[in-house]
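For reference, the structure is listed below as structure tokens.
The values are calculated or read from the model by the stated rules, or taken from the named source; none is laboratory data. Quick caveat, the model's predicted, so the values are computed rather than measured. Cβ coordinates were reconstructed from backbone atoms using ideal geometry, including for glycine residues, and neighbour counts include every protein chain displayed.
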Amino acid sequence: MTVNSVLPGPTRSEGVERFVQDLSKAGGTDEASFEAEFFRTVRPSSLLKRFETPEEVAALVVYVCSHGPRPPTGRRCAWTAAWSGPSCELPEIGVENVKLP
């Protein structure tokens, strides 16, 4: 049995978007400043230092599930800026190259 998993970091979903808007407004700051402070203090280990987009996560999931060039088998895929993690080597692909249904 092969099990692949994708472990995205903080993702800018609709709920996170509201969270950022509400807290930045309450703190009297803009969203970009709030996001930078969030990753500096709450998620300092984040490699991207920003919220991922749902499209970026979807592109990685499509790749891992594809029948294309030998997807990793039984590996945990950590998300980084180059789409590779310490235990999962993936080629660099762009969201624009993935066709979603």
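Tallying residues that are part of a loop (DSSP other than H, G, I, E, B) and either touching a Lys or Arg at 6+ places or on another chain (Cβ under 6 Å) or hydroxyl-bearing (Ser, Thr, Tyr) (or both) within region 35-66 yields 5. Residues that are exposed (fewer than 15 other Cβ atoms within 10 Å of the Cβ) and at pLDDT below 75 were ranked within region 48-77; the one that is nearest to the chain's Cα centre (by Cα) is 76. Residues of region 20-47 that are among the small types (Gly, Ala, Ser), closer than 20 Å to residue 9 by Cβ and surrounded by fewer than 11 Cβ atoms within 10 Å (Cβ to Cβ): 45 alone. Residues that are touching a Phe, Trp or Tyr at 6+ places or on another chain (Cβ under 6 Å) and either assigned to a helix (DSSP H, G or I) or more than 20 Å from residue 56 (Cβ to Cβ) (or both) do occur in region 24-34.
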